[in-house]
Amino acid sequence: MPSYQNLTPPSSLFPGDVGFSFNNEAFPGGALAGSQFAIPSYAGQPDSGTAVRWQTIFGTAPTAVSLVLQGAMADVDAEFQTIDTTTNTAGEARTVTGVQAKILRIKFNSSTGGSGLTAKLLV
(Lines give C-alpha, C1' and ligand atoms only; values in the text may rest on other atoms or scores of the structure.)
Protein backbone atom coordinates (compact mmCIF):
# COMPACT_ATOMS: atom_id res chain seq x y z
CA MET A 1 0.00 0.00 0.00
CA PRO A 2 1.53 3.35 -0.96
CA SER A 3 1.72 6.17 1.55
CA TYR A 4 -1.15 8.65 1.57
CA GLN A 5 -1.81 10.23 -1.80
CA ASN A 6 -4.57 12.36 -3.25
CA LEU A 7 -3.25 12.96 -6.76
CA THR A 8 -6.35 11.41 -8.30
CA PRO A 9 -9.88 11.93 -6.97
CA PRO A 10 -11.00 9.16 -4.62
CA SER A 11 -13.57 6.62 -5.70
CA SER A 12 -17.12 7.38 -4.55
CA LEU A 13 -19.18 5.06 -2.38
CA PHE A 14 -22.93 5.19 -2.92
CA PRO A 15 -25.46 3.48 -0.62
CA GLY A 16 -24.85 -0.27 -0.75
CA ASP A 17 -21.30 0.04 -2.12
CA VAL A 18 -18.31 -1.59 -0.42
CA GLY A 19 -14.84 -0.04 -0.62
CA PHE A 20 -11.60 -1.74 0.44
CA SER A 21 -9.11 0.51 2.24
CA PHE A 22 -6.83 -2.54 2.60
CA ASN A 23 -7.42 -5.73 0.61
CA ASN A 24 -5.63 -8.80 2.04
CA GLU A 25 -2.35 -6.92 2.34
CA ALA A 26 0.75 -7.30 4.49
CA PHE A 27 0.51 -5.35 7.73
CA PRO A 28 2.33 -2.01 7.28
CA GLY A 29 5.48 -1.43 9.35
CA GLY A 30 4.05 1.79 10.80
CA ALA A 31 0.96 4.00 10.81
CA LEU A 32 -0.50 4.13 7.29
CA ALA A 33 -3.81 5.31 5.85
CA GLY A 34 -5.59 3.02 3.41
CA SER A 35 -7.46 4.07 0.29
CA GLN A 36 -9.89 6.92 0.84
CA PHE A 37 -13.45 7.15 -0.50
CA ALA A 38 -15.74 10.09 -1.30
CA ILE A 39 -19.26 10.03 0.12
CA PRO A 40 -21.66 11.90 -2.20
CA SER A 41 -24.27 14.30 -0.86
CA TYR A 42 -27.57 15.05 -2.49
CA ALA A 43 -28.54 18.66 -3.21
CA GLY A 44 -31.77 19.76 -1.59
CA GLN A 45 -31.63 17.03 1.07
CA PRO A 46 -30.91 17.73 4.74
CA ASP A 47 -27.56 16.32 5.86
CA SER A 48 -28.61 14.03 8.70
CA GLY A 49 -25.45 11.98 8.34
CA THR A 50 -24.64 8.59 6.89
CA ALA A 51 -24.52 5.19 8.57
CA VAL A 52 -21.13 3.63 7.95
CA ARG A 53 -20.32 -0.02 8.55
CA TRP A 54 -16.65 -0.91 8.60
CA GLN A 55 -15.02 -4.28 8.99
CA THR A 56 -11.58 -5.68 9.75
CA ILE A 57 -10.52 -9.19 8.74
CA PHE A 58 -7.15 -10.84 9.35
CA GLY A 59 -5.66 -13.85 7.56
CA THR A 60 -3.67 -14.61 10.72
CA ALA A 61 -4.81 -12.81 13.86
CA PRO A 62 -2.36 -10.35 15.41
CA THR A 63 -1.72 -10.40 19.17
CA ALA A 64 -2.40 -6.63 19.29
CA VAL A 65 -3.83 -4.24 16.69
CA SER A 66 -5.15 -0.69 16.35
CA LEU A 67 -7.15 0.60 13.38
CA VAL A 68 -9.35 3.68 13.12
CA LEU A 69 -12.15 4.91 10.86
CA GLN A 70 -11.47 8.52 9.87
CA GLY A 71 -13.48 11.20 8.09
CA ALA A 72 -12.77 14.64 6.63
CA MET A 73 -14.56 17.40 4.75
CA ALA A 74 -11.72 17.67 2.21
CA ASP A 75 -9.23 15.10 0.92
CA VAL A 76 -6.34 16.57 2.90
CA ASP A 77 -4.34 14.26 5.16
CA ALA A 78 -4.17 16.75 8.06
CA GLU A 79 -7.97 17.21 8.10
CA PHE A 80 -8.89 13.59 8.83
CA GLN A 81 -10.35 13.02 12.30
CA THR A 82 -10.98 9.72 14.06
CA ILE A 83 -14.65 8.65 14.10
CA ASP A 84 -14.28 5.13 15.55
CA THR A 85 -11.54 2.78 16.77
CA THR A 86 -11.03 -0.99 16.92
CA THR A 87 -8.46 -3.06 18.78
CA ASN A 88 -10.21 -6.41 18.30
CA THR A 89 -7.56 -8.97 17.31
CA ALA A 90 -10.20 -11.36 15.95
CA GLY A 91 -11.48 -8.75 13.48
CA GLU A 92 -14.96 -7.29 13.68
CA ALA A 93 -17.68 -5.32 11.92
CA ARG A 94 -18.74 -2.03 13.50
CA THR A 95 -21.47 0.50 12.64
CA VAL A 96 -21.27 4.24 13.19
CA THR A 97 -24.40 6.33 12.57
CA GLY A 98 -24.78 10.02 11.76
CA VAL A 99 -21.38 10.35 10.06
CA GLN A 100 -21.09 13.78 8.45
CA ALA A 101 -17.96 13.59 6.33
CA LYS A 102 -17.24 13.93 2.62
CA ILE A 103 -14.22 11.58 2.63
CA LEU A 104 -13.74 8.34 4.61
CA ARG A 105 -10.74 6.08 5.11
CA ILE A 106 -9.44 3.40 7.45
CA LYS A 107 -6.05 4.00 9.02
CA PHE A 108 -3.78 1.30 10.36
CA ASN A 109 -2.01 2.51 13.50
CA SER A 110 -0.10 -0.52 14.78
CA SER A 111 -0.04 -4.28 15.25
CA THR A 112 2.01 -7.06 16.76
CA GLY A 113 2.13 -10.01 14.39
CA GLY A 114 -0.69 -10.94 12.06
CA SER A 115 -0.99 -11.17 8.29
CA GLY A 116 -3.52 -10.61 5.53
CA LEU A 117 -5.03 -7.24 6.54
CA THR A 118 -8.44 -6.52 5.00
CA ALA A 119 -10.36 -3.41 6.06
CA LYS A 120 -13.49 -2.29 4.21
CA LEU A 121 -16.32 0.25 4.33
CA LEU A 122 -20.02 -0.05 3.54
CA VAL A 123 -22.26 3.02 3.29
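Worth a mention:
- Within the chain, the proportion of Cα pairs with more than 20 Å between them is 38 percent.
- Portion, in percent, of the accessible area of the chain that falls on carbon or sulfur, probe 1.4 Å: 51 percent
- Surface per residue (accessible, 1.4 Å probe) for the chain, Å²: 51 Å²
The values are calculated or read from the model by the stated rules, or taken from the named source; none is laboratory data. This one's a predicted model, so the numbers in the text were calculated from it and none came from an experiment. Heavy atoms of the whole protein, side chains included, go into the accessibility calculation; ligands, DNA and RNA do not. Shrake-Rupley method; radii C 1.70, N 1.55, O 1.52, S 1.80 Å.
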